[in-house]
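Down below is the structure, laid out as structure tokens.
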Amino acid sequence: MFASRFEFQHRAWFILGIFCVGLSCYWIDPHNSGVVLAKNLRSHIAVLQMLSPQTSIRLIFLIGAFVVALGGVIRAWGAAYLRAEVVSDSKVRTERLVADGPFRYSRNPLYLGLLIGVFGAGLLCSRTGWLVQMILASVFCYRLIRREEAHLVLIQGERFVTYFQSVPRLLPVLKARVAASGALPHWREAFASQTPWWAIAAGEVAYALTLRLSISLLVALAGVPVHLAQKRARSIKARGRQEAASASISVTDK
């Protein structure tokens, strides 16, 4: 059940692919999940019956945008301690064990945030697409987690085993299970690294405002090229730091 090296290296593209698979389910199920959910809730909840059908739909999509943004915030919280270049690295990074911030409550807050975001993003899909998307994302995240944890056991050994036994794999606990090490978070780059999720949340807000799926999808998918440009910029910056460090070492050796 481990994810392959190829899957891990291209995990961002696989997540995008899962989202696209969810959207493609409109071919077999043309009913938008958010609209159907709003209609069903309105028929059972008296408060919603006081609102017009369109207002109920707008409310559901605003709640969905909040759920997506919540997933993005959780991911940003983890990325602030893990660093953005590690989050998007194509290799499993095992040189250090991070046990600060959300990692004191869950071993995998980034994947937790991802699944919350995927759940909220399901409102942009059909009913079938929402279900398919969640199943595929859950299985894929589990496979990625298994691969990362196997590497951490090999490299970190007893340190990770102790952490493994103290902190739950995914669902967080209310009280921190390990002491903070005092690492400083990098909030700006962390929030910038979650552009795709902010775009999806904005897409759902766009649906709430316009009630047009085409516009909301354009807004949601606009985060992809922006994220690729950010990733490229981080890669160039990291390469520059490595070259500067190598040059400094060479001068020192001389």
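The values are calculated or read from the model by the stated rules, or taken from the named source; none is laboratory data. Being a predicted model, the structure only gives us computed values, none of them experimental. Virtual Cβ from ideal backbone geometry, glycine too; neighbours counted across all protein chains shown. Only protein heavy atoms, including side chains, enter the accessible area calculation; ligands, DNA and RNA are left aside. Shrake-Rupley method; radii C 1.70, N 1.55, O 1.52, S 1.80 Å.
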> So which residues in the range 83-121 are at pLDDT below 55 and either in a helix (DSSP H, G or I) or open to solvent by less than 10 Å² (accessible area, probe 1.4 Å) (or both)?
Replying inline: Ala84, Glu85, Val86, Val87
>> Out of the residues in the range 1-49 meeting the condition of being basic (Lys, Arg) and open to solvent by 70 Å² or more (accessible area, probe 1.4 Å), tell me which one is modelled with the highest pLDDT.
In response: Lys39
>> Could you tell me how many of the residues in the range 140-172 are open to solvent by less than 30 Å² (accessible area, probe 1.4 Å) and modelled with pLDDT of 90 or more?
In response: 5
> Would a scan of the range 204-220 turn up a residue that is open to solvent by 40 Å² or more (accessible area, probe 1.4 Å) and within 16 Å of Phe119 (Cα to Cα)?
Replying inline: yes
> If you go through the range 223-247, how many residues are open to solvent by less than 50 Å² (accessible area, probe 1.4 Å), of a type in the set (A, V, I, L, M) and either on the phi > 0 side of the Ramachandran plot or at pLDDT 80 or above (or both)?
Replying inline: 1
> Of all residues in the range 154-192, how many are under 24 Å from the mean Cα position of the chain (by Cα) and in a helix (DSSP H, G or I)?
Replying inline: 10
> Are there any pairs with C-beta distances below 6 angstrom linking a residue in the range 52-76 that is more than 14 Å from Phe191 (Cβ to Cβ) to a residue that is open to solvent by 50 Å² or more (accessible area, probe 1.4 Å) and among the aliphatic types (A, V, I, L, M), with the two at least 6 apart or on different chains, and if so which?
Replying inline: Ile60/Leu37; Ala65/Val205
